[in-house]
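Bear in mind these aren't lab numbers, they're just calculated from the coordinates by the rules spelled out. Predicted model only: the values in this text are computed from it and were never measured. Ideal geometry is used to build each Cβ from the backbone, glycine not excepted, and the neighbour counts take in all protein chains shown.
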Amino acid sequence: MLARDGGGIFPRLVWSVCVEPRNNNNQLQKENNMRVFVTVSTVVALGLGVWGCGGSSYSNGSNGNSGNPVSPTPSTPGVVTINVVAVNGAQSFSPNPATLPTGQMVVWHNVDTITHRVVLNDQSVDTGNLAPGASSQPMAIGAAGGQYHCSIHPVMVGSVNRDTSTVAVPCEGAYCN
C-alpha cells in the first residue's frame with residue numbers, strides 16, 4: 001500500500017494504491033480446464049461426424065431386404081446387370097447369385113463409392129477397373145457360368161449361373177472363404 005499525505009498542489013488529498021496479489025495458479029488452472037474442454041469437445045464432434053458419415057446406406061435387414069438393393073432390370077435386351085454394391089463378402093454383388101439365361105451377356109455396374117475390378121475365378125473374364133458409377137462392357141460367360149471375385153478386394157465374391165433353376169451354385173475355392 002502506497003500513501004501520500006500533504007504537500008504539492010492538493011495538500012489534504014491522500015493518494016493510495018492497493019495491490020492485491022493475483023492467484024496465478026487458480027487462473028492457470030481455469031485456462032487449462034478450458035483448453036481441455038475445448039479439445040475434448042472438438043475430438044468428440046469430429047468423431048461423431050466421421051461416424052455419421054461412415055455409415056452404410058443399405059438396410060440392416062429389418063425391412064426384409066438382406067442388405068442388397070432390389071435386383072436391377074436389364075438396361076439392354078439380352079444383358080443382365082450385376083451391381084457392385086460394397087465390400088461385404090458374398091453380399092457385395094446384387095443379385096448374387098445371378099441367373100444368366102442362355103444367349104444373354106452380363107454387365108457389372110459399380111454403384112459403390114470406390115473402384116472395383118471383377119474377375120471370373122478361371123480368369124476368362126476381367127472387367128478392368130470400374131470407377132464409381134462405371135459399367136463394364138457386355139461380357140459373355142461360359143456355358144457353365146462361373147464364380148467371380150473383385151481382384152482389388154478378394155473378399156468380394158459372387159457367382160453367375162447359366163441354368164434357369166433356382167438352385168444356387170455355392171461359392172467354392174480360395175476366394176470364397
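Modelling each spin label as a point 7 Å along the Cα-to-Cβ direction, I'd like the VAL50/ASP126 distance in nm, to one decimal.
3.6 nm
Which far-off residues, 5 or more places away or on another chain, put their amide H under 5 Å from the one on GLY145, with H placed in the peptide plane?
Those qualifying (amide H under 5 Å, at least 5 residues apart or on another chain) are ARG162.
Between GLN137 and GLU31, 0.36 nm times their residue separation minus their Cα-Cα distance comes to what?
31.9 nm
With an 8 Å cut-off on Cα pairs and a minimum separation of 6 or more residues, tell me the relative contact order of segment 81-143 in percent.
In percent, rounded to a whole number, it is 31.
For VAL125, enumerate residues with amide H under 5 Å from its amide H, sequence gap 5+ or separate chain, H modeled in the peptide plane.
LEU120
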